[in-house]
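Since the structure comes first, as structure tokens, the remarks are kept for the end.
The values are calculated or read from the model by the stated rules, or taken from the named source; none is laboratory data. These figures come from a predicted structure and were not determined experimentally. Positions of Cβ are backbone-derived with ideal geometry, glycine not excepted, and every protein chain shown enters the neighbour counts.
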Amino acid sequence: MIPGRKHACLMFHGYTFKRYQLLANGQVRWRCSKWHSGCRVSVKTNTIDPRDGIVLIENLHNHERPKLIRNKITYLSTGKKYPLLVCNEYVYKRIRVNRHTGHIFWRCVMIHKGCRAYCLASDDEIVCKNSHNHDAPKFRTSTGRWIMP
């Protein structure tokens, strides 16, 4: 299991899958994270926890295994409509979702200081653009708790 934006994702043989369907018998159907690109592989597990066993694998992947870059990405609940995104110690605010592509546009919270850095998040990756004109903000206390800006 690997973290996802909404639900945890399944990683199986180097490919990533998103939870698609909870079945009445308790089984879970997962789709390849490249489903929108035409890959029709699905996996069925006994429960939400895939360690309980994979029941069925359908079809073959039509793409290479994804190259995963591990960045520390966290979502912080703010009590407002959307959480904040924390990537490599920088904090981003959700601005909008492209209704055609589904990409989420995140802007650095220090935009009021002239920072032009932003991130674009798709179903399976987050790409950060432009460099920050400031150091990573110190929104953590010495005990590791977050302080909201």
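The figures follow:
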{"read-out": "Within region 23-46, considering residues that are in a strand (DSSP E or B) and over 20 Å from the mean Cα position of the chain (by Cα), the one nearest to GLU58 (Cα to Cα)", "value": "LYS44"}
{"read-out": "Lone qualifier among HIS134, HIS112 - being farther than 30 Å from ARG65 by Cα, touching a residue at least 24 places away in the same chain (Cβ under 8 Å) and not basic (Lys, Arg)", "value": "HIS134"}
{"read-out": "Count - residues of region 111-132 that are assigned to a strand (DSSP E or B), closer than 25 Å to TYR20 by Cβ and out of contact with any His (no Cβ under 8 Å at 6 or more places or on another chain)", "value": "2"}
{"read-out": "Residue match in region 83-92 (condition: closer than 28 Å to TYR15 by Cβ, surrounded by 13 or more Cβ atoms within 10 Å (Cβ to Cβ) and at pLDDT below 80)", "value": "no"}
{"read-out": "Filtered residue count, region 22-60, keeping only those that are exposed (fewer than 13 other Cβ atoms within 10 Å of the Cβ), within 24 Å of ILE126 (Cα to Cα) and at pLDDT below 90", "value": "1"}
